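The values are calculated or read from the model by the stated rules, or taken from the named source; none is laboratory data. Not measured: the values here are computed from a predicted model. Glycine gets a Cβ as well: all are built from the backbone with ideal geometry, and neighbour counts include every protein chain shown. For accessibility, only protein heavy atoms count, side chains too; no ligands or nucleic acids. Shrake-Rupley method; radii C 1.70, N 1.55, O 1.52, S 1.80 Å.
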There are 2 protein chains.
Amino acid sequence: MIEYSGQPHYLVAVDCIVFGFDGEHLKVLLVKRGLEPEINKWSLIGGFVGPDETPDDAANRVLKKNTGLTGIYLEQLQIYGEPTRDPIERTLSVGYFALIDINKYQTQINDDFHAEWFLINERPKLIFDHDTMIADARKKLRYKAALHPILFEMLPKKFTIPQLHILFEEVNDTKIDTRNFSRKITSTGLLEKLEEKDRLGSKKGAFYFKLDKKKYHANFQKFLNLLPNEKS
Amino acid sequence: MIEYSGQPHYLVAVDCIVFGFDGEHLKVLLVKRGLEPEINKWSLIGGFVGPDETPDDAANRVLKKNTGLTGIYLEQLQIYGEPTRDPIERTLSVGYFALIDINKYQTQINDDFHAEWFLINERPKLIFDHDTMIADARKKLRYKAALHPILFEMLPKKFTIPQLHILFEEVNDTKIDTRNFSRKITSTGLLEKLEEKDRLGSKKGAFYFKLDKKKYHANFQKFLNLLPNEKS
DNA sequence: CCAAAAGTGTTTCATTTACACCCATGA
DNA sequence: TCATGGGTGTAAATGAAACACTTTTGG
């Protein structure tokens, strides 16, 4: 029988950076690690890739297990392969970032799986290279969000432009003119204005919008220009 | 001793899609596979990840071995992890795409390592999922080339705007107005005009330019708009 | 002198920015 | 009525696209 004799074998894992938005701040979902080493320390949601699944499958599986959610927006970040990144045994990890609506399944998340949301800038120190992963994920989130309408994935079905505006500012850590922002967003043609207004945020109230899913998916690869251009 | 008992271990490989440009067409570098299975079939340049190297290290190593070149532009594409993608044994492969100046080391490539350049659209059928990898790499190359000046990596130190123009058309499989193109490229401020002209391509001759490396690296993350916008 | 490619000029149109100002409403 | 955020109007600046036209030079 043919074999790749003598080649080394490694463990392969996935780790997911799960982003959420509470209406004010960007958050990340962390879990208390359940196995040695570093048991009970905070870490990203992850797990080993099983024999009959792809890394994508594994990421979806661990996400479902830890959040109860399926069909989450999930994107491969990169592979993390430093030989000594896991002190016990060489493990390569495929990093993913996921965007979810934090309101949607908050109960399940916290009660069933001992996961917890942290403000992105006030999180505990994480195991291994997970802090690097989060930094990389934030960078990629910014990059993609400037060109593609992915941030909608973090909002509820009904949302207002001011909510979206705060989210954009939060992700990009910058101030954006509200007036131009609302025009830019609506001019993408991806939003459907609803009758209803949100009256909690202000006296005047802000109209709710929902995503036009068809146009969203059809235009996903197009380059949008969702951020103000830097002046040099 | 602590261990991740019972978790499966896999082989981990890298595969590189190496792009080059011969002045007219986009090409890809392939090698005749030297081990079973599928020995002597054409495949991407690849190899297993060694115990003391990261996947990035491994990619650079196999590139050096097969091209003689170091310092090649290299970017991680994604992981390929279908359980049965390698019929002998489960192997996950990290895909990379590389951009090189085809003129630079053509001799070494062909004589020392039995690698060969193929027109991207007239290549032999490749082993495993390597055709999928090439398709993905082309897509990503287009995406990045529309926003960042990476195509310069495929040209010699001195190049003309018409050469660059052909390369852009080739990569994007589209016609681009030469007049607007040259203005767009020069307006990035990344090019330095040289005294010398290339007189081979035309009677009038086209000025050579070279990259301003400092500005190139400083502006690499900025979003440029290097392609004409589609009209809808 | 002519053909052919390089590259500049110019007009038109679209997008982006900056910011004045109006709107709606709860307290 | 007034403070507060939501949202529209608008003018100026910038950028992109279309395309006429000039330049250069080998044959």
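Kindly evaluate A:Arg142 against the criterion of being without any contact (Cβ under 8 Å) to a residue 40 or more places away in the chain, open to solvent by 60 Å² or more (accessible area, probe 1.4 Å) and not hydroxyl-bearing (Ser, Thr, Tyr).
Working: without any contact (Cβ under 8 Å) to a residue 40 or more places away in the chain: yes; open to solvent by 60 Å² or more (accessible area, probe 1.4 Å): yes; not hydroxyl-bearing (Ser, Thr, Tyr): yes.
So A:Arg142 passes the test.
Residues that are among the hydroxyl-bearing types (Ser, Thr, Tyr) and farther than 19 Å from B:Asn229 by Cβ: does segment B:126-138 have at least one? Break it down into steps so the answer makes sense when it comes.
Residues of segment B:126-138 that are among the hydroxyl-bearing types (Ser, Thr, Tyr), as a first pass: B:132.
Adding the requirement that they be farther than 19 Å from B:Asn229 by Cβ leaves B:132.
Yes, there is a match, as at least one residue in segment B:126-138 is among the hydroxyl-bearing types (Ser, Thr, Tyr) and farther than 19 Å from B:Asn229 by Cβ.
Give the residue, chosen from A:Thr160, A:Thr186, that is open to solvent by 50 Å² or more (accessible area, probe 1.4 Å) and hydroxyl-bearing (Ser, Thr, Tyr). Give the derivation first.
Values: A:Thr160 fails: open to solvent by 50 Å² or more (accessible area, probe 1.4 Å).
It is A:Thr186.
Just need a number here: residues in segment B:149-173 that are free of Cβ contacts under 8 Å to residues at least 12 places away in the same chain and either in a loop (DSSP other than H, G, I, E, B) or more than 14 Å from DNA strand C (Cβ to nearest atom) (or both).
1
Note on segment B:54-84: residues that are within 7 Å of chain A (Cβ to nearest Cβ) and without any contact (Cβ under 8 Å) to a residue 40 or more places away in the chain amount to 5. Mind checking whether some residue in segment B:101-108 is out of contact with any Pro (no Cβ under 6 Å at 6 or more places or on another chain) and either modelled with pLDDT of 95 or more or closer than 24 Å to A:Ala58 by Cα (or both)? No, that holds for no residue.
With respect to A:Leu99, determine if the residue is more than 25 Å from A:Pro8 (Cα to Cα) and touching a Ser or Thr at 6+ places or on another chain (Cβ under 6 Å).
Values: more than 25 Å from A:Pro8 (Cα to Cα): yes; touching a Ser or Thr at 6+ places or on another chain (Cβ under 6 Å): no.
So A:Leu99 does not fit the description; no.
Could you tell me whether A:Lys184 is part of a helix (DSSP H, G or I), out of contact with any Asp or Glu (no Cβ under 9 Å at 6 or more places or on another chain) and without any contact (Cβ under 8 Å) to a residue 12 or more places away in the chain? No; evaluated as a whole, the condition is false for this residue. Residues of segment B:1-36 that are facing another protein chain (nearest Cβ under 10 Å), part of a loop (DSSP other than H, G, I, E, B) and buried (at least 16 other Cβ atoms within 10 Å of the Cβ): B:Tyr4, B:Gln7, B:His9.
Just one of the numbered conditions (1) more than 13 Å from DNA strand C (Cβ to nearest atom); (2) over 20 Å from A:Pro156 (Cα atoms); (3) modelled with pLDDT of 95 or more is not true of A:Arg183: (1). Does any residue of segment A:62-83 turn out to be at pLDDT 95 or above, under 24 Å from A:Glu24 (Cα atoms) and open to solvent by 40 Å² or more (accessible area, probe 1.4 Å)? Scanning segment A:62-83, I find at least one residue that is at pLDDT 95 or above, under 24 Å from A:Glu24 (Cα atoms) and open to solvent by 40 Å² or more (accessible area, probe 1.4 Å), so the answer is yes.
Checked against (1) part of a loop (DSSP other than H, G, I, E, B); (2) touching a Cys at 6+ places or on another chain (Cβ under 9 Å), A:Leu63 passes all but condition (1). Among the residues of segment A:195-219, which ones are exposed (fewer than 15 other Cβ atoms within 10 Å of the Cβ) and more than 13 Å from DNA strand C (Cβ to nearest atom)? Answer for segment A:195-219, where residues must be exposed (fewer than 15 other Cβ atoms within 10 Å of the Cβ) and more than 13 Å from DNA strand C (Cβ to nearest atom): A:Lys213, A:Lys214, A:His217, A:Ala218. Here B:Leu164, B:Leu194 are screened, and the one residue that is aliphatic (A, V, I, L, M) and over 23 Å from the mean Cα position of the chain (by Cα) is B:Leu194.
Among the residues of segment B:204-213, at least one is assigned to a helix (DSSP H, G or I) and either of a type outside the set (Val, Ile, Thr) or over 19 Å from B:Glu24 (Cβ atoms) (or both). The residues on offer are A:Gly95, A:Gly50, and the sole one that is outside any loop (DSSP other than H, G, I, E, B), open to solvent by less than 30 Å² (accessible area, probe 1.4 Å), out of contact with any His (no Cβ under 7 Å at 6 or more places or on another chain) and on the phi < 0 side of the Ramachandran plot is A:Gly95.
Within segment A:105-115, identify whether any single residue is among the acidic types (Asp, Glu) and at the interface with chain B (Cβ under 9 Å from one of its Cβ atoms), and answer yes or no.
Narrowing segment A:105-115 to residues among the acidic types (Asp, Glu): A:111-112.
This time we only want the ones that are at the interface with chain B (Cβ under 9 Å from one of its Cβ atoms), so: none.
No.
Residue-wise test of (1) more than 30 Å from A:Asp136 (Cα to Cα); (2) of a type in the set (Gly, Ala, Ser).
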site	(1), (2)
B:Lys32	yes, no
B:Gly47	no, yes
B:Thr70	no, no
B:Tyr73	no, no
B:Ile88	yes, no
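Candidates are the residues of segment B:220-232 that are open to solvent by less than 70 Å² (accessible area, probe 1.4 Å) and within 11 Å of DNA strand D (Cβ to nearest atom); the one that is nearest to B:Lys158 (Cα to Cα) is B:Leu226.
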